[in-house]
1. Provide H138, H158 in ascending order of the number of other Cβ atoms located within 10 Å of each residue's Cβ, fewest first.
2. Mind jotting down the distance between the C-alpha centroids of the stretch 44-111 and the stretch 297-375, whole Å?
3. Order these peptides, 106-113, 60-67, 374-381, by their mean beta-carbon neighbour count within 10 angstrom, highest first.
4. Using unit Cβ charges (K, R positive; D, E negative) and no other charged atoms, how large, in debye to the nearest 20, is the dipole of the chain about its Cα centre?
5. Rounded to two decimals, what ratio of Rg to Rh does the stretch 240-351 give with C-alpha atoms and a Kirkwood Rh?
6. Rounded to the nearest 20 Debye, what is the dipole magnitude of the stretch 31-124 about its Cα centre when Lys and Arg each give +1 and Asp and Glu each give -1 at the C-beta?
7. Using the count of nearby Cβ atoms within 10 Å as a rough guide to exposure, how do S305, S148 rank from fewest to most?
8. In nm, give the distance between the simple-model label positions of A378 and I110, each being 7 Å from the Cα along the Cα-to-Cβ direction.
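Taken together, the values in this text are just the output of simple stated rules run on the coordinates, not laboratory data. Every value quoted in this text rests on a predicted model; they were computed, and no experiment measured them. When we count neighbours, we look across all protein chains shown, and the Cβ atoms used for this are built from the backbone with ideal geometry, even at glycine.
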Amino acid sequence: MNRYIMAGLLLMASVAYAQQPQRPPTPNDTLKSPEVLSDGRVVFRLYAPKASEVSVGGDWISQGLGAGGKLTKDEQGVWSLTVGPLPADFYSYSFTVDGVRTLDPKNAMIKQGTTSLDNMFLVSGAGAAFQDLQAVPHGEIRKVWYQSSTMNEQRRLHVYFPPGYEAGNAKYPVFYLLHGGGDEDSGWSTIGRAGFILDNLIAAKKAKPMIVVMPNGSLPRPNFVPGAPPDPAANAAFQERFSNELLKDIVPFVEKSYRVVAGSANRALAGLSMGGGQTLRLVTNHTDQFSYVGVWSAGVNPQTSADFTQRSAAFLGASAKVNGQLKLFSVSCGEKDTLAINGSKNLDELLNKSGIKHEFNVTGGAHTWINWRQYLNAFAPKLFQTSGK
């Protein structure tokens, strides 16, 4: 194109842009939210001049670390609330605007899920150092697609590779790490901080280098008729579906695709909440597949103990075999976890009654990622220490 014609077109475009009405500035242009103050207090802000009510809620509330509540609006239409001070940790939150759950538009740190989205923020300090971004060698987390014969579709994993994986030729043990209900395979690498936790443990020589596989445990539930009693056969088939997915699809894919030390002595399995239930089902039905097991914020509902005992009779009745196979069986739950503490205590009693060796940890806190990151940080250093790798 002739350079004079090009110059003319550019000039015309500039004039047209200059003649467009410009949006007047608003407080939203420079708004900061959340703002973490030096003393651990956190200021939440939202520009919503037409809203009638705005509130904020987060996981620190159920953990018993502080309050949330309603924001107040100033004359410019900016809503704000200061909470805390909060202990050093990583938190999730969301706004509710006139009854509608809403993300914070000024915060790009987002936790994905199958039922809702949340924002996240970090309060720095010594208590959060184990999960913080530190100046240490970092591994890599990849999003990986594989063919699931169980689901007859392509499904996704998040996989953590330890520092040095790409540059070397060493083989590594594998830790299969499961999320809870309402989440998907990105949960452990975002709000769960798994990559940073493993980086920091490995750099401090507190944990063995390992590959961590974080699958998507959220599967379509069976159809049901509202008001009709649940179909036990359909429910049992649904519960077993993830076991098939992990053992028949995911484990073979991982051991074929990556430099892995195969065999149960080099496999660990742990999960939280729903993932804890999946872990428990796997270890009771397929004890020979894993040597290290963690059940977090999950257990056996006292009302369904009879069903669990019957279904797990071979496991519960073979303590010598189970104790020989499992190098670690760890059960953990928060004392304020109203969803899981009774089930966790019941599981502990059933295992004790059956003579199955395990550790049972009742911690502070509730059914939150604040606890589960701590459980990961305590569990990972115990893995593969006697695997013969």
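1. Listed from fewest to most nearby Cβ atoms, that is H138, H158.
2. Using only Cα atoms, the two centres lie 35 Å from each other.
3. Most protected by this proxy first, the peptides run 374-381, 60-67, 106-113.
4. It works out to roughly 880 debye.
5. Rg/Rh for the stretch 240-351 comes to 0.98.
6. For the stretch 31-124, the charge dipole is close to 140 debye.
7. S305, S148
8. It works out to 3.4 nm between the two label points.
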